[in-house]
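Every number here is computed from the coordinates shown, using simple stated rules; none is lab data. Just so it is clear, the structure is predicted and the values come from calculations on it, not from any experiment. Methodologically, a virtual Cβ is constructed for each residue, glycine included, from the backbone with ideal geometry; neighbour enumeration extends over all protein chains shown.
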Amino acid sequence: MTSNTKVILNGCQKVTFARPDGYFAFHNVPAGTHLIEVSSLGYFFSPVRVDISARNPGHIQAALTENRRVLNELVLEPLKEEQYYEMREPFNILSLLKSPMGMMVGFMVVMVFVMPKMMENIGR
């Protein structure tokens, strides 16, 4: 994680930035169900649902996917690296000929050479 990694609780209700070592903390979070989202340039993180118990102070459950577990610290890893640019396809003459404009040009070139021959055969 970089130092500009933003950790968001409940859609900007509380926002904090991760330290260079990746540690982040929210203070004075009320009991209930909360959603933690991570915003980091170049990476995509899955949102995490966190349940804070009102009956048992300090009892926190987090659900990354289907599994839920009691934890002391939450470790988030990016699901994938974001790709902002598409790789340019190399030039391919066949794709040029398969395009609608290429087919029209090809048909016209064929007709330029075939039509005079057909006209000669009609006259005979």
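Please determine, in degrees from 0 to 90 and to the nearest 10, the orientation of helix 100-123 with respect to the longest principal axis defined by the Cα atoms of the chain, where the helix direction is its Cα long axis.
10 degrees
Students often forget the sequence filter, so: which lysines lie under 30 Å Cα-Cα from LYS6 once same-chain residues fewer than 8 apart are removed?
In chain and number order, the partners are LYS14, LYS80.
Can you give me the relative contact order of the chain as a percent, contacts being Cα pairs under 8 Å and 6 or more apart?
RCO, the chain: 15 percent.
According to the Kirkwood expression over distinct Cα-Cα pairs, how big is the hydrodynamic radius of the chain, in Å?
By the Kirkwood definition, the hydrodynamic radius is 19.9 Å.
Among LYS14, LYS80, what is the fewest-to-most ranking by other Cβ atoms within 10 Å?
By the 10 Å Cβ count, ascending: LYS80, LYS14.
In a Gaussian network model over the chain where Cα atoms closer than 10 Å are linked, find which of ARG19, ARG88, ARG49 has the largest mean-square fluctuation.
Top of the fluctuation ranking is ARG88.
List LYS117, LYS98, LYS6 from most exposed to least, where exposure is judged by having the fewest other Cβ atoms within 10 Å.
LYS117, LYS98, LYS6
Which residues make up the longest stretch of the chain that has no chymotrypsin sites (Phe, Trp or Tyr not before Pro) in a DSSP loop with at most 13 other Cβ atoms within 10 Å?
Result for the longest clean stretch: 24-83.
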